[in-house]
1. Return the only residue of ASN80, ASN73, ASN67 being touching a Pro at 6+ places or on another chain (Cβ under 7 Å), more than 23 Å from LYS343 (Cβ to Cβ) and touching a residue at least 12 places away in the same chain (Cβ under 8 Å).
2. Looking at VAL96, VAL43 in this structure, which one is in contact with a strand residue (DSSP E or B) (Cβ under 7 Å, 6 or more places away or on another chain), part of a helix (DSSP H, G or I) and over 18 Å from TYR193 (Cβ atoms)?
3. Which residue is modelled with the lowest pLDDT, if the candidates are limited to the stretch 302-331 and must be closer than 17 Å to GLN274 by Cβ and assigned to a helix (DSSP H, G or I)?
4. Looking for whichever is within 26 Å of GLY318 (Cβ to Cβ), out of contact with any helix residue (DSSP H, G or I) (no Cβ under 8 Å at 6 or more places or on another chain) and of a type in the set (A, V, I, L, M, F, W, C) here; the options are ILE65, ILE99, ILE76, ILE28. Which one fits?
5. Can we say PRO78 is surrounded by fewer than 17 Cβ atoms within 10 Å (Cβ to Cβ) and in a loop (DSSP other than H, G, I, E, B)?
6. Just wondering, is there one or more residues in the stretch 32-49 that are under 26 Å from ASN20 (Cβ atoms), touching a Cys at 6+ places or on another chain (Cβ under 9 Å) and buried (at least 20 other Cβ atoms within 10 Å of the Cβ)?
7. Filter the stretch 133-171 for residues that are touching a strand residue (DSSP E or B) at 6+ places or on another chain (Cβ under 6 Å) and farther than 30 Å from LEU23 by Cα and give the result.
8. Can ARG11 be described as modelled with pLDDT of 90 or more and of a type in the set (D, E, K, R)?
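The values are calculated or read from the model by the stated rules, or taken from the named source; none is laboratory data. Keep in mind that what you see is a predicted model, and the values were worked out from it rather than measured. Every residue, glycine among them, receives a Cβ derived from its backbone with ideal geometry; neighbour counts consider all protein chains shown.
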Amino acid sequence: MSGFTTTPEERLGPGPPYTNPSLQANLILRVFLGMLACLASVVPMRLLWRNGEFAAATLYVVVTILNVYYFVNALIWPDNNVQSWYAGYGWCDLQVYTIFPLETVYSACIFAVMRNLANRVGLMRATSLNAGERKRRNIIEALIIFPVALLQVLLTYFVLAQRYNVSTLIGCTSAYDPSWPFFVFFELPSPIYTFGAAIYASEFLPQPPLRPREAKLILVENPVLTWKRFRDVDKATRVAMNTNNSTMAMRHNRMRRKLYFMAVAIIVPFLPIQFLFLAYNMMALPFPLKPYDFKQIHFGMNPFPFEFISFTTSDRIGFIEMNASYIAVISVAPLFWYFGLTKDAINTYRKILLSIGLGRVFPSLHEEYDPDRSRSSGRTCRQQVSNILSSTWTNTWSGSTWSTSR
C-alpha cells in the first residue's frame, strides 16, 4: 500500500520485512553504478570544459547531476519502511523543479553534440576554431540547450498537481496535471531533440552524392537506412585506409570508428527508448487532454490539496518506472568511450595512477601515451622486417630461373 500523509504515525505501508533480496540488489547496483558513472565523468568533463566544448561538457554535467540525484535518493529511501522515511522537504522540492528540465537539457545536449560533429565532419577544415568562432558556436549551442529547459522550470509550478511524491529507491518524483501544457511543453521536447540528433547522426556518416529525394528519404523519412550505406562505404574504403601508414590516416580511421559508434548509440538504442517512454507516458494521459484550470489545481481538491505529499512503496511501482533511472548510468558508457578515452584523457588517468605510486608496479606508466606514435612505430618496424625479407628473397633467387611473382 501507499501512505498518503506526511505524518509518520499516519503513513500506510507494508509491514516487516521492509526489504527483500531483489530490492537490496537493486539498491547496491544503483548506488555502485551511479557512483562509478560520476567518477568516470570527472576527467572527460574537465577536459571538455577546458577545451571549450560547451555542449559536450554540459552533457557531462547534466548526466553527473542526474546520477547524483538517483543514487543519493536510493540511499535515503532504501526500503519500504514508510514510517521512518524522510519526507523530502527541501531536497525533493529542488528535484521537482530541476529533474525534468535536466532530462530535457540532456536530450538537447545530445542534439547539440551531434550537430557539432556533423558540422565538423562536413566542414573538413584542418585548423581549429578561433576564439570568435568558438564563442559564436557556444552561444548557438546555449540557445539550443537552455531555453526550453528554463521554460519548463518556470512552468513547473503551474503544471504540478501536488507538491511531490516519494517512492522506494526512486525518491522524489513529480505528479503533473494531465492537461495540454504538460504534454506540449514537457513531453514533446525530448523526443523532438532526439529525433533531430538522429538526423544529424545520419548526416555526418560518409555518403556518396545524393539527389534531393534520396537525401530526404535517408535523412528524414528513414535515417536508419544510412547504416547500410555507411557499412558499404566502410568496406570500400577500409583497404585504402589500411594501406595508408601516415599519422593522419590513423587519426582519421580512429575518428571514423568513434563517429560510427556514437551515431549507432544515438539511433539504435536512444531514439527508440525516447519514443517508447513518450508512448508509455501518453498511455497514462487522458485523451482528449483536459483543459487547463489553474484555480482547480492550486486551490481545489485535485483530488488532493496542492501541498499534498504522497508516499509509494515498491509493491506499487512498475518495472519501467522503477528502473528508468538506469538510463542516465548506461548513457555514460558511450560518452566515456567517445570523450573519455582520448589521448589527453588517458594521459590524465596515467598521471593520477602515478600520483598514487602505481608507477613502481607498472613502469610503463612513466611513458606518455601517444596512439599515433606507438602504432606508427609498430608499422614502421613491420615495414623494415618486410623489406629485409623481401631483399633477402630477391638476392637469394636473383640467379635462379624462379621469380618472386611465381
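1. ASN80
2. VAL96
3. Residues of the stretch 302-331 that are closer than 17 Å to GLN274 by Cβ, as a first pass: 320-321, 323-331.
Next cut, assigned to a helix (DSSP H, G or I) only: 320-321, 323, 326-330.
Working: ILE320: 86, GLU321: 89, ASN323: 91, TYR326: 92, ILE327: 89, ALA328: 90, VAL329: 92, ILE330: 89.
Among those residues, the one meeting the criterion is ILE320.
4. The unique qualifying residue is ILE28.
5. Here the answer is no, as PRO78 does not meet what is asked.
6. no
7. Within the stretch 133-171, VAL159 is the sole residue that qualifies.
8. Numbers: modelled with pLDDT of 90 or more: no; of a type in the set (D, E, K, R): yes.
Considered against the rule, which asks whether it is modelled with pLDDT of 90 or more and of a type in the set (D, E, K, R), ARG11 comes out as no.
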